[in-house]
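The values are calculated or read from the model by the stated rules, or taken from the named source; none is laboratory data. These figures come from a predicted structure and were not determined experimentally. For neighbour counting, all protein chains shown are included, and Cβ atoms are generated from backbone atoms with ideal geometry for every residue, glycine included.
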There are 2 protein chains.
Amino acid sequence: MVNRDTGKKKISESTIRRLSLYYRALSLLEKENYETISSRELAKREKLTPAQVRKDLSFFGSFGTRGLGYPVSELKDRIAKILGINRIWNVAMIGVGNIGSALVSYKEFQKQGFAIKLIFDNDQRKIGSNHKGLIVSDIKEMPHLLLEHNIEMVVLAVPAIVAQYIVDEVVQAGIKAILNFAPINLKVPDDVFVRNENMSMELEYLSFAISNNYTPN
Amino acid sequence: MVNRDTGKKKISESTIRRLSLYYRALSLLEKENYETISSRELAKREKLTPAQVRKDLSFFGSFGTRGLGYPVSELKDRIAKILGINRIWNVAMIGVGNIGSALVSYKEFQKQGFAIKLIFDNDQRKIGSNHKGLIVSDIKEMPHLLLEHNIEMVVLAVPAIVAQYIVDEVVQAGIKAILNFAPINLKVPDDVFVRNENMSMELEYLSFAISNNYTPN
DNA sequence: TATTTATTGTGAAACAATTCACATATACAA
DNA sequence: TTGTATATGTGAATTGTTTCACAATAAATA
Ligand SMILES: NC(=O)c1ccc[n+]([C@@H]2O[C@H](COP(=O)([O-])OP(=O)(O)OC[C@H]3O[C@@H](n4cnc5c(N)ncnc54)[C@H](O)[C@@H]3O)[C@@H](O)[C@H]2O)c1
Ligand SMILES: NC(=O)c1ccc[n+]([C@@H]2O[C@H](COP(=O)([O-])OP(=O)(O)OC[C@H]3O[C@@H](n4cnc5c(N)ncnc54)[C@H](O)[C@@H]3O)[C@@H](O)[C@H]2O)c1
């Protein structure tokens, strides 16, 4: 009955991604003043099955009450803890071009606990300029600034051609988490996590889908 | 031996996404003047297994030569055809704010065959203004303009609060493919494809990974 | 307090994706 | 030609993920 945390259960990537969905749904439910939510209702909102919801959550503990459902606020907090978002992360943005500055302007990240503390570029016209209260630092200063400001995550928004070079420096500085927008397969050591945000891939998926009358699930 | 296309094989989402990876890798190989590539080499470049590469491709035909590998240019073209990117897609951008204008400025999409033909906003200060050669249209004109310009895909970069309302109009206009940046679960009919680009989810995944010393694969 | 109702938590079953392993085919060298 | 090396294409085996189905349990009701 009790789901003791015996360390190394294998959590699938899909489960982790769904935790994000649950978290967002629960945040909304909290605003709508729901006290509890059943796996059935939560599943319906995220277009999943109730069993899927229960199984996902069961990997981390038993958070619900039989006959009643899950306590909204409490479950939300539990998931925040599981995802590691019950805290502030110090983030640096590298490359303040089109995408980089759009992201820096986006206040939601800050609200969700991803605080952009430093922004870097190599363009002399940009260095020293002000972006939403942040001064663009010279990329040359990156290695020591990342350390000094306890940066733990980096968003890469530089041209693909320089991305690997910069990542090597980022890794040198001890960063273990990178969100990469450059359309390139970055090489990093095993203990560094990279997520790629690749809009072309999503467009290609859509292209495939309509071209082939694709029917998932 | 011959892999006749008998219509409805079930292609997994993962396979489709990997086709995009193969396509990008092959484009690069072509530039590097490779004539042929083995599944082993291709797999290595994309951090996959050779068997995975061969299996993925085998769903669509047999493109390789035993003992030699796959012909780079030809395979690239074949994949382009499979993905439906051997043509130009007419795309509309809805919402010309931070993200929307960053995407409009990004010339790679055009090069990859995703041609942004129309851009929409509801802000009077933006309507009529010029963005990279495109004039911002009034969102009120969207329904008929989408039809008139044969738009087939739409990128949604509007605030979450209005996203569902706009999607309903987009669907009304017969659009079957939507790339959505708003952090909301859009409701659409079964024959409309939506891909969500959600950076918060990626950051949360990274957060989970470093918080839990996560080891995928 | 007893009964009914709702819903969880979870092994087992079903389904899906990946990897194995090898017969088969081609290139190329001798 | 013939032989050797290489690498595909694919059923079968394995591994991973989702769904099923139901005992367990708490809440609500009588
Ligand atoms: N803009 C988009 O919509 C979009 C979409 C998908 C992918 N991307 C990718 O995101 C990345 C950035 O795209 P963008 O459109 O913002 O490009 P951009 O050219 O507008 O911005 C890149 C920025 O990086 C800076 N830079 C270049 N070299 C640098 C270095 N060595 N050190 C530090 N900074 C450096 C440039 O000065 C510039 O400010 C690219 O890899 C691009 O392929 C962009
Ligand atoms: N900027 C980012 O980095 C970022 C990151 C992740 C997600 N997003 C999401 O992308 C979307 C856009 O973000 P943004 O930062 O570009 O916001 P933004 O406010 O800069 O841009 C939104 C644009 O949509 C327009 N708009 C508002 N209502 C409209 C309507 N009814 N019809 C047509 N246009 C309308 C606004 O005038 C504005 O130009 C949001 O949903 C946001 O949550 C943005």
Of those in region A:158-174 that are assigned to a helix (DSSP H, G or I) and in contact (Cβ under 8 Å) with a residue 60 or more places away in the chain, the residue surrounded by the most Cβ atoms within 10 Å (Cβ to Cβ) is A:V170
(request) State whether one or more residues within region A:175-191 are in a loop (DSSP other than H, G, I, E, B) and out of contact with any helix residue (DSSP H, G or I) (no Cβ under 8 Å at 6 or more places or on another chain). (result) yes
* Evaluate the following for B:S62: is it surrounded by fewer than 16 Cβ atoms within 10 Å (Cβ to Cβ) and within 13 Å of DNA strand C (Cβ to nearest atom)? => yes
Quiz item: For region B:39-59, does any single residue satisfy the condition of being over 28 Å from A:K187 (Cβ atoms) and either surrounded by fewer than 16 Cβ atoms within 10 Å (Cβ to Cβ) or under 23 Å from the mean Cα position of the chain (by Cα) (or both)?
Solution: yes
Here the residues within region B:192-207 that are assigned to a loop (DSSP other than H, G, I, E, B) and more than 7 Å from chain A (Cβ to nearest Cβ) are B:V192, B:N198
Report whether or not A:I210 is in a helix (DSSP H, G or I), facing chain B (nearest Cβ under 10 Å), surrounded by fewer than 21 Cβ atoms within 10 Å (Cβ to Cβ) and away from ligand 2 (no atom under 16 Å from the Cβ).
yes
Do we have B:I94 as of a type in the set (A, V, I, L, M), at negative phi, touching a helix residue (DSSP H, G or I) at 6+ places or on another chain (Cβ under 9 Å) and facing chain A (nearest Cβ under 9 Å) here? no
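Conditions (1) near DNA strand D (Cβ under 9 Å from one of its atoms); (2) assigned by TED's automatic domain parsing to the domain that holds A:N150; (3) at pLDDT 95 or above, marked per residue:
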site: A:M1; (1), (2), (3): yes, no, no
site: A:S27; (1), (2), (3): no, no, yes
site: A:L42; (1), (2), (3): no, no, yes
site: A:E46; (1), (2), (3): no, no, yes
site: A:M93; (1), (2), (3): no, yes, yes
B:F63 vs (1) more than 11 Å from DNA strand D (Cβ to nearest atom); (2) under 27 Å from A:N212 (Cβ atoms); (3) more than 14 Å from chain A (Cβ to nearest Cβ): all pass except (1)
Per the filter on region A:100-122, residues touching a residue at least 24 places away in the same chain (Cβ under 8 Å), more than 7 Å from chain B (Cβ to nearest Cβ) and under 16 Å from B:S207 (Cβ atoms) are A:G113, A:A115, A:I116, A:K117
* So is B:V155 surrounded by 13 or more Cβ atoms within 10 Å (Cβ to Cβ) and under 30 Å from A:S27 (Cα atoms) or not? -> yes
ask   = What do you reckon, is B:S58 touching a residue at least 12 places away in the same chain (Cβ under 8 Å), farther than 30 Å from B:N122 by Cα, within 11 Å of DNA strand D (Cβ to nearest atom) and more than 14 Å from chain A (Cβ to nearest Cβ)?
value = yes
